[in-house]
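Okay, so here's the structure we're looking at.
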2 protein chains.
Amino acid sequence: MDILKELEVFRRRDIPYSRVLGSMCTIPHPIAVEAHKMFIETNLGDPGIFRGTADLEKRLVRFLGEILHHPNAEGYICSGGTEANIQAIRSFRNLRKVDRPNIVVPKSAHFSFDKIGDLLCIEVRKAELDDEFRVDSTSLESLIDDRTVGIVGIAGTTELGQVDPIDELSKIAVEYGVDLHVDAAFGGLVIPFMDRNIDFDFKLEGVSTITVDPHKMGMATIPAGGILFRDESYPGSLEVKTPYLTSRSQWTLTGTRPGTGVASAYAVLKHLGFKGMKKIVRHCLKMTKIVKEEMESLGFEPVIEPVMNVVCFKTEHAEEIKEELMKREWIISTIPNPKAIRLVLMPHVTEDVITNFISEIKNVLVTLNVRPK
Amino acid sequence: MDILKELEVFRRRDIPYSRVLGSMCTIPHPIAVEAHKMFIETNLGDPGIFRGTADLEKRLVRFLGEILHHPNAEGYICSGGTEANIQAIRSFRNLRKVDRPNIVVPKSAHFSFDKIGDLLCIEVRKAELDDEFRVDSTSLESLIDDRTVGIVGIAGTTELGQVDPIDELSKIAVEYGVDLHVDAAFGGLVIPFMDRNIDFDFKLEGVSTITVDPHKMGMATIPAGGILFRDESYPGSLEVKTPYLTSRSQWTLTGTRPGTGVASAYAVLKHLGFKGMKKIVRHCLKMTKIVKEEMESLGFEPVIEPVMNVVCFKTEHAEEIKEELMKREWIISTIPNPKAIRLVLMPHVTEDVITNFISEIKNVLVTLNVRPK
């Protein structure tokens, strides 16, 4: 069919993941792709029709809850981290019902919180970071007032992969009687599989809601975001009635929504299990270590010692390096403060990818005639 | 692989579309499925990586714009009608910047407008309908005040497939200087292919934004919703900065988003063309006529003469009939006012499906021991 050939031309212009070191998404696991195909026509917006798929979603939510120390958490699989963050903050706002509400987030919070401020008519206050780019809990605490409906901590910041001191935030949440949302879109499927223990989830009593995206480190197909709530009062505050559907009410943000992400995420987690996920995470951390050493030997210096599989290197020439790499069809990203280039070592990054990348960046430095810093 | 067998068990419990007469979704076109598979790992949230896919989205938006009489419309392919409606109303709200804003929608508006009211902190005023269940433009006009940021008309109501008098609403929008959003999630890919001419799109000068969902009558894979804006000022009002991405800013609601819906929607529209879409719509309207005649011969009476491929039949026993059909694994839906059962004749509904359905509903009437009305 001609149209498929036409589409192929567009698809070929996309840059293959083997040259992408700047995304928190990755090539879906082969089992995810197979599962996805099987559920391609499903619609979780109508759970009375798609009964089996709806049941599978419940199991996946339970599975994610188990990983995050709360098997009975409520939740659903959504379009991604932004929807998950919206729904958490919206539930805090709806449960509190204060005039001119605010939330306090770390300065390092994902840009989706800027969308959320606009969308939900909520003031977003930004707390300072410490030298290691974790939120300064004293700064965060000082921004809480009577109109604060919730605070946010990040488990795996987008820029640096840093983890906020969620245990301290949990204590603050309990003390002030406000809800705590943990944005673990990235780290939620990394930290539980690391050798190092970091408390960040429902184990901590102050944590009300968690974002955890299977389409990032869970190697599920897009879209597969996840939002978990400590109990049903949170999603209950989001409910609208749904005439002309097989269900009576709906607490999701979207109406029609695919079952593909549910199937693909479930397939990967069940197929790999705890051991398999540990192996994936170990691989990514090893690649992070290798790229860090290679970059250091070129004269680059990391912004912080990497906590997970994200690493940034300080350089005044960050934008130029990114642009020059892009001309050569390599994708990295940058962060503005401190000026640095940013690499994310997702499961698709192998030692070969790193070897090719390092040789390319050497050429880039020569072409630009700049030194690393 | 064992996990795929496990998934199959869940998938088999879903009710096949051949027994579904109560959904505005359908079996995706075979070409949509092929296109979808080709783009399964794409992410339009990072258009610098997925350059080809991003370009394809622009072409699809242009294509939809051509169908809706405005090839230069701005827009994007989103998660579905709810996101599209959110973004339209959010842009109206952001451009107007009034205190305690309101919008006026028909009473027949989709339940997503209740979500929107909550989400965007906006009052949703509901205008009365006329005898034919179209919005009464006098009622709608009377609800407009200084705080009204926009009005809404529906081209293909969810309950009855009715079309509001968009031309009258357009005049009101121009007169009062407010924006008009047309929710054509369903009708946007039906009306342009009907023999009967109904003005509802950008041809009318008052229309600012249109929701049009390829994953409904466009037979694309889920998720493939669409939002079109008359000019870039609307999406511009939704923009946030996006550090650490290949783009500088983003006006979509979600961050990461799949390219599958873009590919599948483009493939179907390009493959079928205007002629092919006309044929699909003609089929659906023919099935609507057949089912209406069959139901009338059983003693049922339609709520209104069907405008497109949705038809409702008055009955005091609507809920019982729906429940009894569900026990027999047939899916229809109901509407509350007037009490009626609702059938949607999507492309997957053939004469055989109708024959099976009519024989089943006869049995249901006998089992319940009730008469049609």
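The values are calculated or read from the model by the stated rules, or taken from the named source; none is laboratory data. Predicted model only: the values in this text are computed from it and were never measured. Cβ placement follows ideal geometry from the backbone for every residue including glycine, while neighbour counts extend to all protein chains displayed.
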Name, by its number, the condition in (1) surrounded by 24 or more Cβ atoms within 10 Å (Cβ to Cβ); (2) more than 29 Å from B:E66 (Cα to Cα) that does not hold for B:Q162.
(2)
Just checking, how many residues over region A:127-142 are surrounded by fewer than 18 Cβ atoms within 10 Å (Cβ to Cβ) and either free of Cβ contacts under 8 Å to residues at least 24 places away in the same chain or under 30 Å from B:S237 (Cβ atoms) (or both)?
6
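Of the residues A:D145, A:D183, only one is surrounded by fewer than 20 Cβ atoms within 10 Å (Cβ to Cβ) and not hydrophobic (A, V, I, L, M, F, W, C); which?
Numbers: A:D183 fails: surrounded by fewer than 20 Cβ atoms within 10 Å (Cβ to Cβ).
Exactly one residue qualifies, and that residue is A:D145.
Of these, B:G255, B:G261, which one is modelled with pLDDT under 95, closer than 24 Å to B:T82 by Cβ and buried (at least 19 other Cβ atoms within 10 Å of the Cβ)? Reasoning before the result, please.
On the way: B:G261 fails: modelled with pLDDT under 95.
So the residue among B:G255, B:G261 that is modelled with pLDDT under 95, closer than 24 Å to B:T82 by Cβ and buried (at least 19 other Cβ atoms within 10 Å of the Cβ) is B:G255.
Could you check region A:1-97 for helices (runs of 4 or more DSSP H) lying wholly inside it with 3 or more residues that are at pLDDT 95 or above, more than 11 Å from chain B (Cβ to nearest Cβ) and in contact with a strand residue (DSSP E or B) (Cβ under 9 Å, 6 or more places away or on another chain)?
In region A:1-97, the matching helices (runs of 4 or more DSSP H) lie at A:51-67, A:81-96.
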Can we say A:A173 is among the small types (G, A, S) and out of contact with any Ser or Thr (no Cβ under 8 Å at 6 or more places or on another chain)?
no
(1) closer than 23 Å to B:C78 by Cβ; (2) buried (at least 24 other Cβ atoms within 10 Å of the Cβ) all hold for B:L169 apart from (1)
Evaluate region B:34-55: report whether one residue or more is closer than 22 Å to B:G259 by Cβ, under 22 Å from the mean Cα position of the chain (by Cα), among the hydrophobic types (A, V, I, L, M, F, W, C) and surrounded by fewer than 24 Cβ atoms within 10 Å (Cβ to Cβ).
no
How many residues are surrounded by 18 or more Cβ atoms within 10 Å (Cβ to Cβ), touching a residue at least 24 places away in the same chain (Cβ under 8 Å) and either touching a His at 6+ places or on another chain (Cβ under 6 Å) or in a strand (DSSP E or B) (or both) when one looks only at region B:320-373?
8
Of the conditions (1) assigned to a helix (DSSP H, G or I); (2) touching a residue at least 40 places away in the same chain (Cβ under 8 Å); (3) not assigned by TED's automatic domain parsing to the domain that holds A:I77, A:G299 satisfies every one except a single condition; which number is it?
(1)
Condition first: surrounded by 24 or more Cβ atoms within 10 Å (Cβ to Cβ) and either outside the structural domain of B:P258 (by TED's automatic domain parsing) or closer than 22 Å to B:P214 by Cα (or both). Now tell me which residues in region B:92-112 satisfy that.
B:A109, B:H110, B:S112
Restricting region B:245-271 to residues that are within 8 Å of another protein chain (Cβ to nearest Cβ) and part of a strand (DSSP E or B), the one farthest from A:R257 (Cα to Cα) turns out to be B:Q250
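For region A:323-342, enumerate the residues that are within 26 Å of A:I154 (Cα to Cα) and out of contact with any Phe, Trp or Tyr (no Cβ under 8 Å at 6 or more places or on another chain).
Once the filter is applied, which keeps residues that are within 26 Å of A:I154 (Cα to Cα) and out of contact with any Phe, Trp or Tyr (no Cβ under 8 Å at 6 or more places or on another chain), region A:323-342 yields A:I331, A:I332, A:P336, A:N337, A:P338, A:K339.
Take the conditions charged (D, E, K, R), facing chain A (nearest Cβ under 8 Å) and free of Cβ contacts under 8 Å to residues at least 24 places away in the same chain and apply them to B:K292. Does it pass?
Details: charged (D, E, K, R): yes; facing chain A (nearest Cβ under 8 Å): no; free of Cβ contacts under 8 Å to residues at least 24 places away in the same chain: yes.
For B:K292, the condition - charged (D, E, K, R), facing chain A (nearest Cβ under 8 Å) and free of Cβ contacts under 8 Å to residues at least 24 places away in the same chain - is not met.
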Any idea how many residues of region B:191-244 are at the interface with another protein chain (Cβ under 9 Å from one of its Cβ atoms) and at pLDDT below 95?
5
Here the residues within region A:102-157 that are part of a helix (DSSP H, G or I), over 16 Å from the mean Cα position of the chain (by Cα) and small (G, A, S) are A:G117, A:S137, A:S139, A:S142
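Let me confirm something: among B:R96, B:R90, which residue is within 19 Å of the chain's Cα centre (by Cα) and closer than 22 Å to A:E123 by Cβ? Quick ask: steps written out before the conclusion?
On the way: B:R96 fails: within 19 Å of the chain's Cα centre (by Cα).
After applying the criteria, what remains is B:R90.
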Given the conditions (1) buried (at least 24 other Cβ atoms within 10 Å of the Cβ); (2) out of contact with any strand residue (DSSP E or B) (no Cβ under 8 Å at 6 or more places or on another chain); (3) under 20 Å from B:E74 (Cβ atoms), report the number of the one that B:V190 does not fulfil.
(3)
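Pick from A:D199, A:D213: which is under 20 Å from the mean Cα position of the chain (by Cα), without any contact (Cβ under 8 Å) to a residue 60 or more places away in the chain and not in a strand (DSSP E or B)? Steps first, answer last, please.
On the way: A:D213 fails: without any contact (Cβ under 8 Å) to a residue 60 or more places away in the chain.
Every option except A:D199 fails the conditions.
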